[in-house]
Amino acid sequence: MKNKLSGMKQWNGVMPVIIFVLSFVMIIPAADSYSVANTLSKIQNENTLNSRNAFLNSTKCTKSDDNSEFQITCSGLDVNDNLTALIELLVWNEQIQTIDFLIVEKSSFEDGKLAQNWIDTTNFRIKMLQITSSMIDKIENNAFTGYAFEELLVLRLWYLKIETLEEGTFAGLQQLQNLFINTCEIKYINENALKPVASTLESLSLFFMTLPFNPVNLTGTVPLPNLRTVNFPGNNFKNNLNAKSFSQLKTCEYLDLNRCRIEDIGYGTFANMLSMRVVDLAYNPLTGLDYCVFGDEVIKNFGTEGIQIGFNLWNCDCDLDWLKKLRVEKIVGGDARCASHSNKTFEQVIFCDEETENPTCFPESSTESQSTTNSVFSMIGNMF
């Protein structure tokens, strides 16, 4: 009995030790698991912070908030740069959701293309976008489709080597108001190129296209009900302008065609532009201009010096007497001189010895029909 009591005392002394050991063994895995997770989380956070700091310290994308606008300029990007991530980190750091002005310049993209999802985000929207790069030779369809472009108001494409404007080039820009295309190498324009932005576009500017072309696929096919300003200076229109070229510019008030190498303007070219207040034809090699290029209804809407004709090569004769009359009425402005009379001013030259009247203008279809009829009668007369 004495030995049994002694054994129980020994067991009672050992039991707390065993329980303590077992408890310790069970706690260690949980503690280790918590410690590992904590450590991994800490490492991950440190890596994220380091990456974020690395991006924020990058000079490829910088911010400017002058004039109460938040502007980001990204320059010198290459195919290995993640443009979306660079922008997102700047946006995240400033705690904003709208970029007032984004400039992407001197940058290259894979295969020289601005592809769909080149900016892929749901974290910010862009109000104004300017892309300036001679290393971009193609804008793929739907390149401007996505969350970032849904509220874009202004798009500027400068010095790109793009050769085409397709029907899907501007898809996704349902709020676009101003489109600027400057010094690109466009050779083909789809007749529906402006269709995605037709209902909202207010200003269209296309500068310095070197190849001769007719702007009909921009301004003569798709209705443009809100387009007020069209700037086409420095292009190469030569003899390509006709009644279809600007037939959809029914609400256009200002048309700039200076320095466009225009040698002749076809009958009825401006006849549908009943809202036009100013047309700039300066610095072209024009020698003559038919009254019916405009017509009565268009001419009466011009204000003071609304028709700018300076620095052309005018042949001042009876056919151009109507233009001198508008000069006297101060509807025609600019440094108008007669190349046919030793470069004297309009005021110094007598265009016609007899009084002239403005010709009667007919719709384009009527003139074509009359021409066809005359040709038929001429053929019949020759037969007899």
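Coordinate-derived values only; no laboratory data. A quick note: this is a predicted structure, and the numbers were derived from the prediction, not measured. Neighbour counts run over all protein chains shown; Cβ positions are idealised from the backbone, glycine included.
Remarks
- Approximating the spin labels as points 7 Å out from Cα along Cα→Cβ, the N80-to-K330 distance works out to 6.6 nm.
- Between T345 and L274, the C-beta separation translates, for a Förster distance of 35 Å, into a calculated FRET efficiency of about 0.70.
- The length gained on full extension between D111 and E94, counted as 0.36 nm times the residue separation minus their Cα-Cα distance, comes to 2.8 nm.
- Estimated inter-spin distance, E150 and S205, nm [label 7 Å along Cα→Cβ]: 2.9 nm
- Spacing of the modelled spin labels on N358 and T73, each 7 Å from Cα toward Cβ, amounts to 5.0 nm.
- Summary of packing: across the peptides 269-280, 103-114, the per-residue average of other C-beta atoms within 10 Å ranks them, highest first, as 269-280, 103-114.
- For W314, the residues whose modelled amide H falls within less than 5 Å of its own, excluding neighbours fewer than 5 places apart on the same chain, are R337, A339.
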